[in-house]
Amino acid sequence: MNKLKLFFIFSMLCLPAFAADTAGTGVSERMDCATMQAKISELAAIASPDDDTKKELSDLQERYRRECSKSASGRKTSGRVSTLAAAPTVAAPVVAETKTADDILSEFLQKKDENCESLKKSIDTLSMSEDDKKKLQNQYDTDCLGKEAVTEKVEVSPEQAAANVAAGLCTDGSKPNKFGCCAGETFKDMGNLVFACCPDDGGECYPPITTGN
């Protein structure tokens, strides 16, 4: 009976030792992560650890990695930041716009055609003097039709010219400008409050056209 009692007491004394190393790590299974971390720090601080201390530290670190490491994308990180840095975001290179000479010329001609159409529409639909219409027509002919600007004077008979002037118009039937001068004439101060319209190409000056005088 005494032997049985002694065996029971021996078993009770040895049971905690077996429970302390069921995982083969040499550390207690009943230890939370914070306690393990503190124990690891304590063992790692020993300046000259013996073999048993080194074994205990190694086993405890392995257990900590196994039980306490955080999972990220299905992998253990051991609570440390991954050493693989995220790939830097590289901005897409700016590709300079490339155009051929044909592309540029095509765009220019397209805009020119649009401008010519707009100018032609203005000539045909807007109300304006004959001089103004002639200016626009000359520009249209030059830029859009490739013709030289028409600058020659309209030939009218002396009788028609006199009738035009009598009606307060220029000899060719166009309206004078605000100074009473016709196309190709410049308004000049002749002195002593005398003003005249002088042809740009030289010649006799005439009084400004006012009321048909």
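Values quoted throughout were computed directly from the atomic coordinates according to the rules given, and no laboratory measurement underlies them. Given the structure is predicted, the values throughout are model-derived calculations rather than measurements.
One chain, two ends: residue 124 and residue 145. Fully extended at 0.36 nm per residue, the span grows by 6.0 nm beyond their Cα-Cα distance. Relative to the current alpha-carbon distance between residue 67 and residue 166, full extension at 0.36 nm per residue lengthens the span by 24.0 nm.
Stretching the chain fully between residue 135 and residue 114 yields a gain of 5.7 nm (0.36 nm per residue, less the alpha carbon separation).
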